[in-house]
Amino acid sequence: MVESERIQNPWMALEQSAVPAVEMNGQDLSLFESLDAQGCICSPPPQPPESSGAGDYKLGFVERSFSAAGAAVLSAIIVNPLDVAKTRLQAQAAGVSYSHPLSNMTSRMAYFGPTMMFADLRCSPSCARAAIEGTVSICPPECFRYKGTLDVLYKIIHQEGFSRLWRGTNAGLALAIPTVGIYLPCYDIFRNWLEEFTSKSAPSTTPYVPLLAGSLARSLACATCYPIELARTRMQAFKETQISKKPPGVVQTLLGVVSQVKNTSGPQNSFQGYRAMWTGMGAQLARDVPFSAICWSTLEPTRRELRRLVGGDDANALGVLGANFSAGFVAGTLAAGATCPLDVAKTRRQIERDHVKALQMTTRKTLMEIWRDGGVKGLFTGFGPRVGRAGPSVGIVVSFYEVVKFRAEQSKSRDNGLEQ
């Protein structure tokens, strides 16, 4: 019971470790040190009220941010193909066409020339359904329609190249580092503060602390970095329609959003262009806040039980890694499945290119439109890749973050021991 409380409340362990620093005579000081070394329960002397701030925690905000950023980079690289597959399926359901750019007469007339390659007009070199038009063979639109997660991955590799599975990774990395660098450290700090407050003022509400801390931290991270999330979704959703042209990056995508609004609204409404970079943030919050609430309220008790099984405070780095990855995998999978309809609505709002319609859309209206067009199947479009991505992603981020914290705390404890 004591071990689980220490895991849940690092500030408790810190208060106990601060006992030897209290002014006492030499005999009493030795007694407290020996009791603490033997793991006996002793009541620490009262602390001044100001000592319960952020300085009490073993890791500072900067150290926590670097730990979280490293975890986010690793996760973004590994699971990005599933994120691309999910976005393509949801965008296709919203009406985005993935047919070949030269499948219509106007495009063919514009791009035929001496540099045109035979394979440029086919979905794959081995396609048997391509029809001969003039001197070349062109695949029908059905060849470019996605039928499922594996079909998306297969067609992207054959039609666009293996590297396109990591389309938007640069945006993902640009997003992951500040977002997770804000999200996880703020969650830790909010959780510790709220646990300390509720344990003294309202003990019955302590089990709900992870839910509230996760929601607050995610809202802060989302509002700070939303334009990059918008760019990533658009980069993953849309294929480049011009042959041999490099797809736009994060900056070009955002500039395109702004310039499109300015061109249609006029220079007097230039503010609308910058406002468009936050189009759909309500849908993002509507997805991320419940996701974080479900994820952390599931993860914390699961992690606590798994940590207890692998030794509690005496667990090694491998035990910390296994307990956190397993808990994160389960929590991420459940949260992703429960919030899939909100993710579909978020994608549909972010890929809307008519800025007038985009500014008028709401999450509720979007969900009703999806239900009307596709029913339950429409609301859960991309469920497979979303769940398949979220479980490992949360597991990787949480386990990497906690192991780095664990190692840093061990190093600090070792240094403090040498100084004493």
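The values are calculated or read from the model by the stated rules, or taken from the named source; none is laboratory data. A quick note: this is a predicted structure, and the numbers were derived from the prediction, not measured. Note: ideal-geometry Cβ built from the backbone for every residue, glycine included; neighbour counts use all protein chains shown. For accessibility, only protein heavy atoms count, side chains too; no ligands or nucleic acids. Shrake-Rupley method; radii C 1.70, N 1.55, O 1.52, S 1.80 Å.
Here is how the numbers come out for the structure above:
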item	result
The lone exception for Thr381 - which of (1) in a helix (DSSP H, G or I); (2) within 23 Å of Lys346 (Cβ to Cβ) it fails	(1)
Subset of the stretch 130-180 that is over 25 Å from the mean Cα position of the chain (by Cα) and hydroxyl-bearing (Ser, Thr, Tyr) - its residue that is modelled with the highest pLDDT	Ser137
Cβ pairs under 8 Å, 6+ apart, first in the stretch 333-348 and under 14 Å from Thr298 (Cα atoms) and open to solvent by less than 10 Å² (accessible area, probe 1.4 Å), second among the charged types (D, E, K, R) and assigned to a helix (DSSP H, G or I)	Ala336/Asp343; Ala336/Arg386; Ala336/Arg389
Breaking point among (1) in a loop (DSSP other than H, G, I, E, B); (2) under 30 Å from Glu409 (Cα atoms); (3) modelled with pLDDT of 60 or more, for Cys127	(2)
Residue in the stretch 317-328 that is closer than 19 Å to Asp83 by Cβ and free of Cβ contacts under 8 Å to residues at least 40 places away in the same chain present	no
Meets criteria (under 22 Å from the mean Cα position of the chain (by Cα), open to solvent by less than 30 Å² (accessible area, probe 1.4 Å) and within 30 Å of Ile78 (Cα to Cα)) for Gly384	no
Residue match in the stretch 291-299 (condition: in contact (Cβ under 8 Å) with a residue 12 or more places away in the chain, out of contact with any His (no Cβ under 8 Å at 6 or more places or on another chain), over 29 Å from Gln236 (Cα atoms) and open to solvent by 20 Å² or more (accessible area, probe 1.4 Å))	yes
Output for the stretch 207-228, where each listed residue is buried (at least 17 other Cβ atoms within 10 Å of the Cβ) and of a type in the set (S, T, N, Q)	Ser215, Ser219
Count of residues meeting criterion [at pLDDT 85 or above, over 18 Å from Arg386 (Cβ atoms) and hydroxyl-bearing (Ser, Thr, Tyr)] in the stretch 277-302	2
Residue count, the stretch 236-276 (criterion: touching a helix residue (DSSP H, G or I) at 6+ places or on another chain (Cβ under 6 Å) and modelled with pLDDT of 80 or more)	4
Residue satisfying all of: in the stretch 349-360; open to solvent by 20 Å² or more (accessible area, probe 1.4 Å) and assigned to a helix (DSSP H, G or I); farthest from Pro301 (Cα to Cα) among these	Val356
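Okay, residues lined up against (1) out of contact with any strand residue (DSSP E or B) (no Cβ under 6 Å at 6 or more places or on another chain); (2) among the charged types (D, E, K, R); (3) open to solvent by 10 Å² or more (accessible area, probe 1.4 Å):
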{"site": "Leu153", "(1), (2), (3)": "yes, no, yes"}
{"site": "Ile157", "(1), (2), (3)": "yes, no, yes"}
{"site": "Glu160", "(1), (2), (3)": "yes, yes, yes"}
{"site": "Arg164", "(1), (2), (3)": "yes, yes, yes"}
{"site": "Arg167", "(1), (2), (3)": "yes, yes, yes"}
{"site": "Ala171", "(1), (2), (3)": "yes, no, no"}
{"site": "Ile182", "(1), (2), (3)": "yes, no, yes"}
{"site": "Tyr187", "(1), (2), (3)": "yes, no, no"}
{"site": "Phe190", "(1), (2), (3)": "yes, no, yes"}
